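The values are calculated or read from the model by the stated rules, or taken from the named source; none is laboratory data. The shown structure was predicted, so the numbers you read here are calculated from the model rather than taken from an experiment. Note that we place each Cβ from the backbone using ideal geometry, even for glycine, and neighbour counts take in every protein chain shown.
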Amino acid sequence: MSAARAFRFDYDRALSTTAAWALALVWFAPLIYAVWTAFHPTEFSTRFVLTAPLTLENFAAAWNAAPFARYFLNTVLLVTSILIGQFVLCTLAAFAFARFEFRGRDTVFVLVLLQLLVMPDILIVENYRTMRFLGLVDTILAIGLPYMASGFGIFLLRQTFKTIPKELDDAARVEGAGFFTILMKVYVPLAKPTYLAYGLVSVSHHWNNFLWPLIITNSVETRPVTVGLSVFASTDQGIDWAVITAATLMTSGPLLIAFLLFQRQFVQSFMRAGIK
Amino acid sequence: MGPTAKRTWIHAWLFLSPAMILLIAFTHYPAAVTLFHSFFSTPRGKREAKFVGLENYETLIADSTFWTVLVNNLWYALATIPLSIGIAIAMALWVDSKLKGRSFVRMAYFTPTVLPLIAVANIWMFFYTPGFGLIDQIRGAFGFAQQNWLGDPESALNAVIVVAIWKEAGFFMIFYLAALQTIPTSLREAAAIEGAGRWYFFRRVTFPLLMPTTLFVSVNAIINSFRLVDHIFIMTEGGPDNASSLLLFYIYETAFRFWDTAYASTLTVVLLLILFTVAIGQFLLLDKRVHYR
């Protein structure tokens, strides 16, 4: 009896392991395929023979065909400026929501949460009009500005700040510290894991963002890599698969490598950001 | 307001105002002004925008492209949401169990989340290429005829849906993974003692306990199905004949290719209405069915 049960259990487990692995391979297939195509000459793009020679030429061709260095610089500038903006603005706002009792607080907080529903991503028509009015069209600042006051960031930090015991800042108050000092000396250091989690989520989100940057930029000096890649892949139709795939891998490369290296932190960060 | 309350109020707003100014400028103000502009005509050249009442909405109702795109988007949402959630739950259960090679499997599931949608669209496009693409090669090995997945109005939208599911399932898995870890192991032990099978345990214990997560993920999935259109740009451009176009893509085309901003505003109002309906639905559901007893 017990032997039969043990056998059945193993059978179950083997089945679910196989299914899990099959799904993993399907999920990984596009990436494996991209790596294969990018590192082999074009004639092997659709022929999978193990003896195919390896090459870096596709990467060189892609790199020389479009100003990717500049695109990368733009993306790095964009992602950093958004991150700094978000950290500063969301920290200040979250502190106000977590520690001050003031009239209308709940109403204002609902207004903040509204942004989780209506993201700037869909308000492209009016935000473009605003940017034109501000004279910011085709600047990196214009790509990042709508995202800096992030409802998600404020919410996440407020939840963290609320878990910090009030006695800590009462003690600091007794010693004569002002609100800003308390925020910087007590709250921010204690919320470090949240900042890391939020930072990773934010960087990967904005590295990958496409629609708004496509609309608001129109020159090499401002385009992030995602937009650069789409321009590259659509204008040069004579370019072959291998080169486009190399460009594709290149644009996702830094993020992908960071993810593979810090896989655990990434997953935990997204988890932490998700639970709140 | 007493003097202390007033001081607190001033302090609070000193901290709040930088974020609130930007938030209002790029979320609340544009949302409100979108509605306003939908009652005006598009300014062209020397002709200024003038009040036209409901004219844009009449155009909308008569616009067959709008209806195609709306139906597409609803189908896109209806197909992506349950499928990606179902796959996400399976993924989470697997990754949470004592699986061989668990860290590789988890990585494989999660990778699409960190890749730019616009970049992976390129790779998927090659999968779908008639004849040479991977899918047709595999089908060819079994003797099927080649098919133009992205060029055929019958299959274009579904081809795009597959990419969306692939992109999102791993992301949703994370939320389920987090939720699974809060389920006490004593429940599983108790069920084992009672002789409950694994499927029974999932159906009667795990799944109900995951309900709040499912609601949260569903709302996210709905929002995403109206927000994520990047892959359309690379894979189909909404074609053939709008067969794979989605609402936000149509808004983009209307505003930035045809420069009809008033009509784009009208379309955006529809999108906002859909999102508000979702929010109200979530609010009503939240207290009722989600929480297990």
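Please list, ordered by residue number, the helices (runs of 4 or more DSSP H) wholly in segment B:1-120 having 2 or more residues that are within 28 Å of the chain's Cα centre (by Cα), of a type in the set (F, W, Y) and within 14 Å of chain A (Cβ to nearest Cβ).
B:29-37, B:102-114
Which one of these does A:R173 not meet: (1) closer than 29 Å to A:L73 by Cα; (2) within 13 Å of chain B (Cβ to nearest Cβ)?
(1)
Of A:V49, A:V110, which residue is more than 10 Å from chain B (Cβ to nearest Cβ) and within 30 Å of B:H37 (Cβ to Cβ)?
A:V110
For segment A:59-107, name all the residues that are acidic (D, E) and either under 14 Å from A:V220 (Cβ atoms) or in contact with a helix residue (DSSP H, G or I) (Cβ under 7 Å, 6 or more places away or on another chain) (or both).
Listed by number, the list holds a single entry, A:E101.
Residue by residue through segment A:121-144, note down the ones that are within 13 Å of another protein chain (Cβ to nearest Cβ) and either under 24 Å from A:S269 (Cα atoms) or outside any helix (DSSP H, G or I) (or both).
A:D121, A:L123, A:L136, A:V137, A:G144, listed by residue number.
Hey, among A:V112, A:V108, A:V125, A:V88, which residue is in the same structural domain as A:K166 (by TED's automatic domain parsing) and farther than 18 Å from A:L157 by Cα?
Checking each option against the conditions leaves just A:V125.
Okay, residues lined up against (1) in contact with a Lys or Arg (Cβ under 6 Å, 6 or more places away or on another chain); (2) of a type in the set (S, T, Y); (3) at negative phi:
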residue: B:R188; (1), (2), (3): no, no, yes
residue: B:F207; (1), (2), (3): no, no, yes
residue: B:M211; (1), (2), (3): no, no, yes
residue: B:S218; (1), (2), (3): no, yes, yes
residue: B:R227; (1), (2), (3): no, no, yes
residue: B:T236; (1), (2), (3): no, yes, yes
residue: B:G239; (1), (2), (3): no, no, yes
residue: B:N242; (1), (2), (3): no, no, no
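Matching residues to (1) hydroxyl-bearing (S, T, Y); (2) surrounded by 20 or more Cβ atoms within 10 Å (Cβ to Cβ):
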| site | (1), (2) |
| --- | --- |
| A:E167 | no, no |
| A:V174 | no, no |
| A:P189 | no, no |
| A:S204 | yes, yes |
| A:L214 | no, yes |
| A:S230 | yes, yes |
| A:T248 | yes, yes |
| A:G253 | no, no |
| A:F270 | no, yes |
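Restricting the search to segment B:121-141, which residues are more than 7 Å from chain A (Cβ to nearest Cβ) and assigned to a loop (DSSP other than H, G, I, E, B)?
Once the filter is applied, which keeps residues that are more than 7 Å from chain A (Cβ to nearest Cβ) and assigned to a loop (DSSP other than H, G, I, E, B), segment B:121-141 yields B:T129, B:P130, B:G131, B:G133.
Please go through segment B:74-99 and pick out each residue that is out of contact with any Ser or Thr (no Cβ under 6 Å at 6 or more places or on another chain) and not hydrophobic (A, V, I, L, M, F, W, C).
B:P82, B:S84, B:G86, B:D96, B:S97, B:K98
The conditions are (1) closer than 16 Å to B:I21 by Cβ; (2) more than 18 Å from the chain's Cα centre (by Cα), and A:R158 fails exactly one of them. Which is it?
(1)
Note down all Cβ pairs under 6 Å where the first residue falls in segment A:179-195 and is within 13 Å of A:L168 (Cβ to Cβ) and in the same structural domain as A:K162 (by TED's automatic domain parsing), the second is among the hydroxyl-bearing types (S, T, Y) and surrounded by 14 or more Cβ atoms within 10 Å (Cβ to Cβ), and they're at least six residues apart or on different chains.
Partner pairs satisfying both residue conditions: A:A191/A:T160.
Tally time: how many residues in segment B:175-189 are assigned to a helix (DSSP H, G or I) and surrounded by 13 or more Cβ atoms within 10 Å (Cβ to Cβ)?
Going through segment B:175-189 one residue at a time, the tally reaches 8.
When the residues of segment A:176-224 are filtered to those that are at pLDDT below 90 and not in a helix (DSSP H, G or I), which remaining residue is farthest from B:L14 (Cα to Cα)?
A:G176
Is segment A:151-160 home to any residue that is without any contact (Cβ under 8 Å) to a residue 12 or more places away in the chain and more than 16 Å from B:L16 (Cα to Cα)?
For segment A:151-160, residues without any contact (Cβ under 8 Å) to a residue 12 or more places away in the chain and more than 16 Å from B:L16 (Cα to Cα): absent.
For segment A:103-131, which residues satisfy the criterion of being surrounded by 21 or more Cβ atoms within 10 Å (Cβ to Cβ) and over 24 Å from the mean Cα position of the chain (by Cα)?
Passing the criteria: only A:E126.
Give me the pairs: first residue in segment A:161-177 and at positive phi, second residue assigned to a loop (DSSP other than H, G, I, E, B) and surrounded by 14 or more Cβ atoms within 10 Å (Cβ to Cβ), beta-carbon distance under 7 Å, and six or more apart or on different chains, which are they?
none
What number of residues in segment A:27-53 are closer than 14 Å to A:L249 by Cβ and aliphatic (A, V, I, L, M)?
Counting residues in segment A:27-53 that are closer than 14 Å to A:L249 by Cβ and aliphatic (A, V, I, L, M) gives 5.
Being within 30 Å of A:G144 (Cβ to Cβ) and polar (S, T, N, Q) is the requirement here; does A:N74 meet it?
The answer is yes for A:N74.
Residues of segment B:143-162 being in contact with a Leu (Cβ under 8 Å, 6 or more places away or on another chain) and within 14 Å of chain A (Cβ to nearest Cβ), which ones?
B:A159
Any residue that is crowded, with 16+ Cβ neighbours inside 10 Å and outside any helix (DSSP H, G or I) - is there at least one of those in segment A:49-56?
Yes, the conditions are met somewhere in segment A:49-56.
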